[in-house]
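Values in this text are rule-based calculations from the coordinates and carry no lab data. Just so we're clear, the structure is a prediction, and the values are computed from it rather than from any experiment. Heads up, the Cβs are rebuilt from the backbone with ideal geometry, glycines too, and the neighbour counts pull from every protein chain shown.
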Amino acid sequence: MSASGLLVEKSGPLSLIQDFGRFGLAHIGITQGGPVDDYAYSWANHLLGNRVNCSAIEITLGNACFVALQDCHLA
C-alpha cells in the first residue's frame with residue numbers, strides 16, 4: 001500500500017477541507033459554503049498549478065501539525 005501525501009498529527013481547533021462551495025442550491029436548503037479568504041484560496045491553487053476548485057486545508061486558528069509522507073508542495 002502506498003502512503004498518502006500528508007499525515008495529520010494534530011488538526012488544530014478549526015482546520016477544514018474547503019473548495020469554492022456549491023452554487024445555485026439555496027432553494028433546496030444547501031448553503032454556498034467555501035473558504036473564508038477566497039483570495040488566499042485562489043492564489044494557493046494557482047501557485048500549485050491546481051484547478052480553480054481543488055480542495056484545500058483552511059487552518060483558521062493555527063496549532064495544526066502535519067507530516068509529509070512523500071514529496072509534496074504546499075502553498
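Under the condition of being part of a loop (DSSP other than H, G, I, E, B) and hydrophobic (A, V, I, L, M, F, W, C), which residue from segment 1-20 is farthest from the chain's Cα centre (by Cα)? The qualifying residue farthest from the chain's Cα centre (by Cα) is Met1. So for segment 55-71 (the condition being of a type in the set (A, V, I, L, M, F, W, C), in a helix (DSSP H, G or I) and surrounded by 11 or more Cβ atoms within 10 Å (Cβ to Cβ)), does at least one residue qualify? Taking every residue of segment 55-71 in turn, none turns out to be of a type in the set (A, V, I, L, M, F, W, C), in a helix (DSSP H, G or I) and surrounded by 11 or more Cβ atoms within 10 Å (Cβ to Cβ). Is it fair to say Asp19 is without any contact (Cβ under 8 Å) to a residue 60 or more places away in the chain, surrounded by 13 or more Cβ atoms within 10 Å (Cβ to Cβ) and out of contact with any helix residue (DSSP H, G or I) (no Cβ under 7 Å at 6 or more places or on another chain)? For Asp19, the condition - without any contact (Cβ under 8 Å) to a residue 60 or more places away in the chain, surrounded by 13 or more Cβ atoms within 10 Å (Cβ to Cβ) and out of contact with any helix residue (DSSP H, G or I) (no Cβ under 7 Å at 6 or more places or on another chain) - is met. The residue that is nearest to Lys10 (Cα to Cα), counting only those in segment 21-54 that are in a helix (DSSP H, G or I) and not hydrophobic (A, V, I, L, M, F, W, C), is Tyr41.
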